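Novice: Sharing a structure below in structure tokens format, with a few things to ask.
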Amino acid sequence: MSAKYEVKVSERLGRYIVAAKDLKAGESILSDNPFILGPSNDTSLVCYNCYLPLMSKFVVCKLCTVVPICPGDGCPQNLPKWHTEYECDFFRTLKLKRAVNPMTMVQNVGFLLVLRAILKKDVDKTSWQEFLQLETHLNVRKGTSVWEYCENTYKFIQSLGLLDNSEDDNLVQKVCAAIDVNSFEVRGPPVPAIGCSEILRGVYLKAALMAHDCVANTHIAINDGNVLVCHASTDIKKGETIYYNYTDPLKGTAIRQQHLLVGKYFKCTCKRCQDVTEMGTYMSSALCLACKTGYISEISNEKWTCHSCDSEYESSEIRRKVQCCSDKLAVINKKDEKELEEYIKNISLVLAPNHYLLLDAKQRLAGILRDAINSQPRPTKKMMRRKIELCKELLPVLEKLTPKICRIKAITLYELHATMAQLAKKLFDGREINGSQYLEELQNAEKCLKKSLEMLLIEPRNSPEGELCAKALEDYRELKNSISGLMLGYTLRATPLLTEEIKAQFRLTKTFNVGNMFLK
């Protein structure tokens, strides 16, 4: 198979990748196993072998008698194992030389990722050299609080004797920086029957070469085997840069820029960041106090200007209002439907309809309504209509900021279809709509579900999104059967002279292969 991408070098982007051929939306670009994977600095204690949370007790590896691992029957067979033979030998020797004990490892679980990266230099020299080529922004980090924090990691690694023969005084700082700048968040394995898991960090040497853009052209998924798969989320022409969004697309520009400056040490200059309207979504804008209908955006550090009437406002005044809205969201009960509705009502008088704070509150409210609709035996029509309204308000924003394939959009479309179909049935059963209207509503729900499935089908089967895909396929079959049944009823009423044999043949036409339909 011909290469999908090639590595380029530039002064602005460093090492990055471009499409080596025309790529279609949904096409796989690369698959990557982690160079290293492990807990974050603030992670609770996890098994050093499988990364399951160690919630109450642990045992130590029988061979090295140092690293904490799962008690009882040990680590589940289906999970990848990270406590290698080389590492086990290292700790067994270390215990004899330096009297390292299990509590040392328990207290320093946050340094495990750096430790395992440095151990790679003697085990996988080729990958180690590739790792050292990753961007670190080391000069920017020097003298900062992050550099000082990493000095604790340096002291721990030094205490293990791993730096005795090192000629590089800043090796630990370089490793820490490479991990901070290039790692991906990875969902750790969940505890059976409980579901809780830790967020891990993984460095993927191929995926780390993807440049950043706040409107990405790729979709990333990491399966339970920790394999990262990158698909094109939109059509990508040969020679075009392959981008991944390092930030949350549903945050405003100021927050995204802060995230990138603090964690990645660069300022984004993408099309979205340079547009104060954020591609017409006005996600960081407020309502104009003068004309009452226009939106004001921050044009400079001193002024906000209305796009409709050109009224100007002092930045300090508007920033204070936005901060008050943010502070309020931080303190309200985000699991309370009434509090969220009140919050949305109040700040809608201050902020633009698609402001990221409003979208955050609306997403949370939609989740509460979903749970209520699914748990109540007779959910109200008002509740269903509100959830549909919230989903429809979110989708246009996602269409602009995450074109074509997007995980959040797929889930939102699925939620929209489910409530549309449920509401339509409730209205039909209550004789509030006729059969023709019911059919139309189901067909509209089917369109939403089909769009959702087209995106969910590339998700790993063993991920939550993959499980949702399986459920969505079953829902699609049931929905198609319902639609076919309604259409059959209309046909039989319209043609009363059809023979029983023809009627039976007509019923058979509603059987089909859903999987093949979407996998073409």
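Novice: For segment 433-473, enumerate the residues that are acidic (Asp, Glu), without any contact (Cβ under 8 Å) to a residue 24 or more places away in the chain and over 23 Å from Gly489 (Cβ atoms). Even if it seems obvious, please write down each step before you answer.
Specialist: Pass one, segment 433-473, residues acidic (Asp, Glu): 440-441, 446, 454, 459, 465, 467.
Restricting the remaining residues to those that are without any contact (Cβ under 8 Å) to a residue 24 or more places away in the chain gives 440-441, 467.
Passing the criteria: only Glu467.
Novice: Of these, Lys142, Lys174, which one is of a type in the set (D, E, K, R), closer than 15 Å to Gly263 by Cα and surrounded by 15 or more Cβ atoms within 10 Å (Cβ to Cβ)? Show your work before the answer.
Specialist: Details: Lys142 fails: surrounded by 15 or more Cβ atoms within 10 Å (Cβ to Cβ).
None of the others qualify; the one that does is Lys174.
Novice: Could you list all residues from segment 316-369 that are aliphatic (A, V, I, L, M), part of a helix (DSSP H, G or I) and over 20 Å from Lys392 (Cβ atoms)? If you could, list the steps in order and put the result at the bottom.
Specialist: Quick first cut of segment 316-369, residues aliphatic (A, V, I, L, M) only: 318, 322, 329-332, 340, 344, 347, 349-352, 357-359, 361, 365-366, 368-369.
With part of a helix (DSSP H, G or I) added as a condition, the list becomes 318, 322, 329-331, 340, 344, 347, 357-359, 361, 365-366, 368-369.
The answer is Ile318, Val322, Leu329, Ala330, Val331.
Novice: Which of the residues that make up segment 89-131 are open to solvent by 80 Å² or more (accessible area, probe 1.4 Å) and within 17 Å of Tyr154 (Cβ to Cβ)?
Specialist: Selection gives Arg98, Gln107.
Novice: Something else about it: Restricting the first residue to segment 253-272 and requiring it to be polar (S, T, N, Q), which pairs with a second residue that is in a loop (DSSP other than H, G, I, E, B) meet a Cβ separation below 6 Å and a spacing of at least six or different chains?
Specialist: Every condition considered, the pairs that remain are Thr253/Ser284.
Novice: Can I ask one more? Consider Glu441 carefully, then state whether it is among the acidic types (Asp, Glu), under 30 Å from Cys214 (Cα atoms), assigned by TED's automatic domain parsing to the domain that holds Leu488 and part of a helix (DSSP H, G or I). Before you say what the answer is, go through the steps one by one.
Specialist: Values: among the acidic types (Asp, Glu): yes; under 30 Å from Cys214 (Cα atoms): no; assigned by TED's automatic domain parsing to the domain that holds Leu488: yes; part of a helix (DSSP H, G or I): yes.
Judged against the criteria, Glu441 is not a match.
Novice: While we're here: Taking segment 447-464 as the search range and keeping residues that are open to solvent by 30 Å² or more (accessible area, probe 1.4 Å) and assigned to a helix (DSSP H, G or I), which one is farthest from Ile408 (Cα to Cα)?
Specialist: First, the residues of segment 447-464 that are open to solvent by 30 Å² or more (accessible area, probe 1.4 Å): 447, 450-451, 454, 457-458, 461-462, 464.
Cutting the leftovers down to assigned to a helix (DSSP H, G or I) gives us 447, 450-451, 454, 464.
Details: Lys447: 17, Lys450: 15, Lys451: 12, Glu454: 13, Pro464: 13 Å.
So, considering only residues that are open to solvent by 30 Å² or more (accessible area, probe 1.4 Å) and assigned to a helix (DSSP H, G or I), the one farthest from Ile408 (Cα to Cα) is Lys447.
Novice: Conditions: (1) under 25 Å from Gln133 (Cβ atoms); (2) within 21 Å of the chain's Cα centre (by Cα). Asp42 meets all but one. Number of the miss?
Specialist: (1)
One line per residue, one yes/no per condition, for (1) open to solvent by 70 Å² or more (accessible area, probe 1.4 Å); (2) in the same structural domain as Ala216 (by TED's automatic domain parsing); (3) in contact with a helix residue (DSSP H, G or I) (Cβ under 7 Å, 6 or more places away or on another chain); (4) hydroxyl-bearing (Ser, Thr, Tyr):
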residue	(1), (2), (3), (4)
Leu261	yes, no, no, no
Asp275	no, no, no, no
Ser297	no, no, no, yes
Thr305	no, no, no, yes
Lys321	no, no, no, no
Cys324	yes, no, no, no
Ala330	yes, no, no, no
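Novice: Please work out if Leu289 is assigned to a loop (DSSP other than H, G, I, E, B) and either open to solvent by 80 Å² or more (accessible area, probe 1.4 Å) or touching a strand residue (DSSP E or B) at 6+ places or on another chain (Cβ under 8 Å) (or both).
Specialist: Working: assigned to a loop (DSSP other than H, G, I, E, B): yes; either open to solvent by 80 Å² or more (accessible area, probe 1.4 Å) or touching a strand residue (DSSP E or B) at 6+ places or on another chain (Cβ under 8 Å) (or both): yes.
Yes: the conditions hold for Leu289.
Novice: Contact list please: Cβ distance under 6 Å, first residue in segment 10-27 and under 15 Å from Ala211 (Cβ atoms) and assigned by TED's automatic domain parsing to the domain that holds Thr234, second residue of a type in the set (Lys, Arg) and part of a loop (DSSP other than H, G, I, E, B), pairs at least six apart or on different chains.
Specialist: Ala19/Lys238
Novice: Further, regarding this structure: Could you please let me know if Pro403 is without any contact (Cβ under 8 Å) to a residue 60 or more places away in the chain and not in a helix (DSSP H, G or I)?
Specialist: Working: without any contact (Cβ under 8 Å) to a residue 60 or more places away in the chain: no; not in a helix (DSSP H, G or I): yes.
No: the conditions fail for Pro403.
Novice: Mind checking which residues of segment 12-41 are open to solvent by 40 Å² or more (accessible area, probe 1.4 Å) and under 22 Å from Phe266 (Cβ atoms)?
Specialist: Scanning segment 12-41 gives Arg12, Leu13, Arg15, Asn41.
The values are calculated or read from the model by the stated rules, or taken from the named source; none is laboratory data. Note that the structure is predicted; figures quoted are calculated from it, not measured. Cβ sites come from the backbone with ideal geometry, for glycine too, and all protein chains shown count toward neighbours. What goes into the accessible areas is simple: the full protein's heavy atoms, side chains included, and nothing from ligands, DNA or RNA. Shrake-Rupley method; radii C 1.70, N 1.55, O 1.52, S 1.80 Å.
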